[in-house]
Amino acid sequence: MLGLKLPTDPRWVNIVERNLEEILIDHAFCEQKAASNAISIIVQYPQHTDLVKDMTAICQEEMEHFHLVHEKLLERGLKLGFERKDPYVNDLREYLKKEQGGGSRESHFVNQMLFAAMIEARSCERFKILSTELEDEDLKEFYRGLMESEARHYTVFLNYARKYGHGIDVDARWKDFLDFEAELMKKYGKKETMHG
């Protein structure tokens with residue numbers, strides 16, 4: 001369903017199990033960044049009323065998820081801590097900068113949508129693994145609930161890339177991006193972070 005070409009190494013969940021605090025802190029900041037990204041899209045493209053409405057809903061949902069993850073930390077006697085770097089996200093961003101396709105406003109928009117879609121797709125895949133493979137029953141159930149909304153977000157971003165990416169072969173660009181991400185994932189899956 002998600003179109004990802006390389007699944008996460010199943011051993012990733014064993015790394016996560018050894019440091020649940022780290023995955024929860026990293027996850028909380030992923031939700032906060034997703035909300036910030038939705039706000040940024042609203043600021044840049046206010047002329048698309050449908051996009052503004054959907055980004056507002058996504059922002060609210062991501063901040064609700066942030067709240068839920070923060071509550072999980074507090075329940076376990078943990079604190080949020082400081083934001084973690086996300087090399088995976090930076091690698092995706094660098095690839096898209098190189099693949100601007102002439103630098104038109106439409107091309108930039110499409111890349112923003114594909115960037116968000118890819119992060120949501122990989123997060124959803126990771127949530128699914130956590131919801132089935134974690135030994136911690138509470139967190140298994142928690143991630144099962146979050147997985148469904150991440151899948152919806154992924155499709156929202158892809159659909160807007162297709163809708164407003166006039167003159168751009170969005171599906172070809174998405175396919176190339178998926179190929180790049182599959183190669184990229186060969187170096188990830190070794191850390192107890194959401195994309196690590």
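Worth pointing out:
- The single residue among Lys140, Lys97 that is over 17 Å from Glu62 (Cα atoms), free of Cβ contacts under 8 Å to residues at least 40 places away in the same chain, in contact with a Leu (Cβ under 6 Å, 6 or more places away or on another chain) and part of a helix (DSSP H, G or I) turns out to be Lys140.
- Condition check for Glu120: assigned to a helix (DSSP H, G or I), in contact with an Asp or Glu (Cβ under 8 Å, 6 or more places away or on another chain), of a type in the set (D, E, K, R) and buried (at least 21 other Cβ atoms within 10 Å of the Cβ): yes
- Applying the condition of being within 16 Å of Tyr88 (Cα to Cα) and out of contact with any Asp or Glu (no Cβ under 8 Å at 6 or more places or on another chain) to segment 5-27 and asking which residue is modelled with the lowest pLDDT yields Asp9.
- Filtered by the rule that a residue be within 28 Å of Glu83 (Cβ to Cβ) and among the basic types (Lys, Arg), segment 154-196 gives Lys186, Lys187, Lys190, Lys191.
- Checked against the criterion of being touching an Asp or Glu at 6+ places or on another chain (Cβ under 7 Å) and closer than 19 Å to Ala34 by Cβ, the candidates Tyr188, Tyr143, Tyr154 yield just one match: Tyr154.
- Hits in segment 100-117 (condition: in a helix (DSSP H, G or I) and over 20 Å from the mean Cα position of the chain (by Cα)): Arg105, Glu106, Ser107
- Exclusive hit being part of a helix (DSSP H, G or I) and among the aromatic types (Phe, Trp, Tyr), set Phe66, Phe82: Phe66
- Whichever residue in segment 9-21 is under 18 Å from the mean Cα position of the chain (by Cα) and in a helix (DSSP H, G or I) and, among such residues, is surrounded by the fewest Cβ atoms within 10 Å (Cβ to Cβ): Val13
- Positions within segment 82-94 being surrounded by 12 or more Cβ atoms within 10 Å (Cβ to Cβ) and without any contact (Cβ under 8 Å) to a residue 60 or more places away in the chain, in sequence order: Glu83, Arg93
- Contact annotation: residue pairs with Cβ atoms under 6 Å, 6 or more positions apart or on different chains, pairing a residue in segment 22-39 that is surrounded by fewer than 22 Cβ atoms within 10 Å (Cβ to Cβ) with a partner that is charged (D, E, K, R) and part of a helix (DSSP H, G or I), are Ala35/Glu62.
The values are calculated or read from the model by the stated rules, or taken from the named source; none is laboratory data. Quantities reported herein were computed from a predicted structural model and do not represent experimental measurements. Glycine also receives a Cβ, built like all others from the backbone with ideal geometry; neighbour counts cover every protein chain displayed.
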